[in-house]
1. Can you name the residue in the stretch 93-119 that is surrounded by 19 or more Cβ atoms within 10 Å (Cβ to Cβ) and over 13 Å from the mean Cα position of the chain (by Cα) and, of all such residues, is farthest from the ligand (Cβ to nearest atom)?
2. Provide a single number: the residues in the stretch 126-135 that are over 19 Å from Ser152 (Cα atoms) and either within 14 Å of the ligand (Cβ to nearest atom) or polar (S, T, N, Q) (or both).
3. Would a scan of the stretch 130-146 turn up a residue that is more than 26 Å from Val175 (Cα to Cα), touching a Gly at 6+ places or on another chain (Cβ under 7 Å) and open to solvent by less than 30 Å² (accessible area, probe 1.4 Å)?
4. Would you please list the contacts, defined by Cβ atoms under 8 Å and residues six or more apart or on different chains, that run from a residue in the stretch 142-165 that is at positive phi to a residue that is open to solvent by 30 Å² or more (accessible area, probe 1.4 Å)?
5. With the checklist (1) open to solvent by 80 Å² or more (accessible area, probe 1.4 Å); (2) farther than 21 Å from Gln97 by Cβ in hand, flag the one item His181 doesn't pass.
6. Could you give every pair whose Cβ atoms fall below 9 Å, whose first residue belongs to the stretch 83-111 and is under 14 Å from Val31 (Cβ atoms) and part of a helix (DSSP H, G or I), and whose second residue is more than 10 Å from the ligand (Cβ to nearest atom) and among the polar types (S, T, N, Q), counting only separations of at least 6 or pairs across chains?
7. Count, please, the residues in the stretch 14-59 that happen to be part of a loop (DSSP other than H, G, I, E, B), touching a Gly at 6+ places or on another chain (Cβ under 8 Å) and open to solvent by less than 70 Å² (accessible area, probe 1.4 Å).
8. Can you find a residue in the stretch 63-75 that is farther than 13 Å from Val128 by Cα, surrounded by 14 or more Cβ atoms within 10 Å (Cβ to Cβ) and in contact (Cβ under 8 Å) with a residue 40 or more places away in the chain?
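The values are calculated or read from the model by the stated rules, or taken from the named source; none is laboratory data. As the structure is a computational prediction, the values presented were derived from the model and not from experiment. Here the Cβ positions follow ideal geometry from the backbone for every residue, glycine too, while neighbour counts run over all protein chains shown. What goes into the accessible areas is simple: the full protein's heavy atoms, side chains included, and nothing from ligands, DNA or RNA. Shrake-Rupley method; radii C 1.70, N 1.55, O 1.52, S 1.80 Å.
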Amino acid sequence: MKITILTLFPKMFDGFLKESIIGRARKNEIVEIESVNIRDFGIGSRKQVDDTPYGGGAGMVLRVDVLEKAIRELKSNNKKQKKLVILLTPQGKKYHQKKARELSKYKGDIILVCGHYEGFDERIREYVDEEISIGDYVLTGGEIAAAVVTDSIVRLMPGVLGKEESHQNESFESVTLEHPHYTKPDEYDGKKVPDVLLSGHHAEISKWRREEAIKRTKKRRPDLI
Ligand code: 6GU
């Protein structure tokens with residue numbers, strides 16, 4: 001799969017794409033991820049991408065012709081591959097782990113279009129397949145949302161997480177939150193690691209973890225039960 005992020009701020013993704021698990025997945029060629037500047041498709045020598053709103057008002061609006069051209073050109077690369085175009089906007093459908101799982105299995109490439117902080121021409125909606133919002137708060141642009149969506153998809157791809165990092169029984173994959181974790185020291189500032197975890201009794205440890213996960217979910221996220 002190739003994920004292309006269409007943005008006015010491609011450098012925002014530099015660190016995110018290089019580091020940690022996403023960086024490793026790209027190095028191992030499990031996924032290809034690229035950020036592309038919308039300005040490359042801008043109009044005239046000044047590469048204009050936005051203009052003042054019809055009807056008046058403050059701020060600038062991203063032009064439909066610029067974005068349509070960008071989407072069309074990205075779609076024309078590697079024509080054999082299907083392309084799913086997703087617009088990141090607070091007006092989109094609320095993002096969930098279920099959607100991350102669905103997108104991680106998509107048999108084709110994904111194009112993530114980052115909405116402009118001040119707005120985009122309404123007609124842009126006609127050139128995308130879906131709209132996603134990552135939650136009920138307002139970001140200055142779709143870039144961080146695109147990073148969230150990319151991260152949540154890539155980590156689910158086969159071979160991205162090692163056995164150690166496995167997400168088999170992790171929060172939101174099942175119906176519970178994760179059980180508590182501990183490491184050395186076994187006592188810190190009077191706070192002790194639960195005895196059962198030091199017992200070496202694997203069946204008891206599994207039982208304790210299952211019970212703690214359920215207890216924790218009931219207390220913190222009863223809506224998930
Ligand atoms: Cl996708 N974009 C922006 N600008 N704000 C958001 C969002 C997206 N999702 C939640 N808030």
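1. Asp109
2. Adding up the residues that qualify gives 1.
3. The answer is yes; a qualifying residue exists.
4. From the stretch 142-165, the pairs are Gly159/Asn28; Gly159/Ile30.
5. Here His181 clears every test but (2).
6. As it stands, the answer is Ala100/Ser152; Leu103/Ser152; Ser104/Ser152, since those pairs meet every condition given.
7. Within the stretch 14-59, residues that are part of a loop (DSSP other than H, G, I, E, B), touching a Gly at 6+ places or on another chain (Cβ under 8 Å) and open to solvent by less than 70 Å² (accessible area, probe 1.4 Å) number 4.
8. yes
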